[in-house]
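Following: one structure in structure tokens, then a few remarks.
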Amino acid sequence: MRTPIIAGNWKLHMNPEQTVEFVNAVKGKLPDPSKVESVIAAPAVDLYVLKKTAEGSNLHTGAENAYFEVEGAFTGETSPKVLNEMGIDYCIIGHSERRGYFHETDEDINNKAKALFANGVTPIICCGESLETREANKQEEWVVAQIKAALDGLTAEQVSKLVIAYEPIWAIGTGKTASADQAEEMCKTIRETVKDLYNEETAENVRIQYGGSVKPANVKELMSKPDIDGGLVGGASLDPESFLALVNYQD
Ligand SMILES: O=C(CO)COP(=O)(O)O
């Protein structure tokens with residue numbers, strides 16, 4: 001059985017002081033990780049205090065991006081090796097904001113996935129179509145192509161462990177959630193793609209999140225769908241009470 005995983009993506013919000021405050025507010029109120037895994041992915045400048053403050057709690061930690069090289073003359077980048085040394089569990093890669101504003105390609109994302117695995121950090125690989133692509137009813141081929149490119153060269157064992165986040169761009173930060181059925185439909189397609197590329201067992205193991213205006217009011221319905229194993233949450237993950245309501249959706 002797949003363990004549900006709800007991850008906050010703080011994007012460019014929160015400083016180290018606010019991070020400590022947030023973690024102290026949620027510590028002790030998070031679900032048992034065997035029931036629901038709770039993750040906060042924070043800006044690189046907050047990761048050290050995030051990890052330190054989360055120690056001994058049920059909170060898992062994540063970065064929002066990393067480079068595919070571990071060391072060298074790459075000004076401004078984050079090393080997957082150092083993330084591992086810091087004990088960071090996850091790293092989001094291929095978010096639509098990284099693809100759009102920072103021109104990340106499918107090849108970059110595939111290289112990042114490989115570098116993260118080589119350094120013991122689990123990738124959360126994002127995919128998702130624009131409004132234009134959805135209006136042209138081309139969302140399925142778009143997302144399947146993104147998944148194929150991102151997973152290229154990864155082993156079945158690696159794919160079993162990673163997390164895929166389906167985030168339709170038109171639903172991010174817009175208050176417009178994909179309906180639970182629309183989200184389920186694409187998450188199912190992603191699982192079938194993994195089955196075609198690997199095998200049934202890998203497809204059954206890979207965890208697939210939906211992201212895009214997930215909030216306490218809609219999390220239960222989304223999580224009731226068979227192929228949705230979690231949420232990747234922006235805005236609603238910034239407030240401790242709202243984050244707690246999301247991760248404790250089973251109560
Ligand atoms: O991009 C997202 C998470 O990665 C979704 O953001 P919102 O939850 O703010 O729509």
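The values are calculated or read from the model by the stated rules, or taken from the named source; none is laboratory data. Here the structure is a predicted model, which is why all the values come from computation and not from measurement. Quick reminder, even Gly has a Cβ in these numbers, built from the backbone with ideal geometry, and neighbours come from all protein chains shown. Side chains are part of the model used for accessible areas, which takes the heavy atoms of the whole protein and leaves out ligands, DNA and RNA. Shrake-Rupley method; radii C 1.70, N 1.55, O 1.52, S 1.80 Å.
Rolling a 1.4 Å probe over the protein chains gives L197 an accessible area of about 70 Å².
If you average the C-alpha positions of region 2-17 and of region 24-46 separately, how far apart do those two centres end up, in angstrom? So the separation of the two Cα centres works out to 8 Å. Pairs of Cα atoms nearer than 8 Å and 6+ residues apart set the relative contact order; for the chain it is 21 percent.
Distance from the C-alpha centroid of region 95-115 to that of region 185-251: 21 Å, rounded to the whole angstrom. Across the chain, the longest run free of exposed loop sites, meaning chymotrypsin sites (Phe, Trp or Tyr not before Pro) lying outside DSSP classes H, G, I, E and B with no more than 12 other Cβ atoms within 10 Å, spans 103-251. The alpha carbon gyration tensor of region 4-66 gives principal lengths a ≥ b ≥ c with a/c of 1.5 or higher and a/b no greater than b/c, which makes the shape oblate.
Tell me which trypsin sites (Lys or Arg not before Pro) from region 83-142 have a DSSP coil assignment and no more than 14 other beta carbons within 10 Å of their own. It would help to have the intermediate numbers written out before the result.
Numbers: sites: R98, R99, K112, K114, R134, K138; in loops: K138.
Answer by residue number: K138.
From its DSSP helices (H runs of at least four residues, each -39,500 (n - 2.57)), the chain gives a residue-normalised ellipticity at 222 nm of -11500 deg cm²/dmol. GNM on the chain, alpha-carbon springs under 10 angstrom: the most fluctuating residue among N205, N58, N15 is N15.
The label-point distance for K161 and T75, in a model that sets each label 7 Å from Cα toward Cβ, rounds to 3.5 nm.
Can you list the GluC sites (Glu not before Pro) in region 13-55 that are in a DSSP coil and have 16 or fewer other beta carbons within 10 angstrom?
Values: sites: E17, E21, E37, E55; in loops: E55.
Answer by residue number: E55.
Put S242, S38, S224 in order of accessible area, largest first, 1.4 Å probe: what do you get?
Details: S242 20, S38 0, S224 80 Å².
Ranking S242, S38, S224 by accessible area, largest first, yields S224, S242, S38.
The value given for the chain is a Kirkwood hydrodynamic radius of 17.9 Å, derived from the mean inverse Cα-Cα separation.
Restricting attention to region 155-251, which trypsin sites (Lys or Arg not before Pro) occupy a DSSP loop and are surrounded by at most 14 other Cβ atoms within 10 Å?
When the trypsin sites (Lys or Arg not before Pro) of region 155-251 are filtered for loop state and at most 14 Cβ neighbours within 10 Å, K176 remain.
Of all lysines in the structure, the ones whose alpha carbon falls short of 18 Å from that of K27, not counting any fewer than 8 places away in one chain, are K35, K51, K52.
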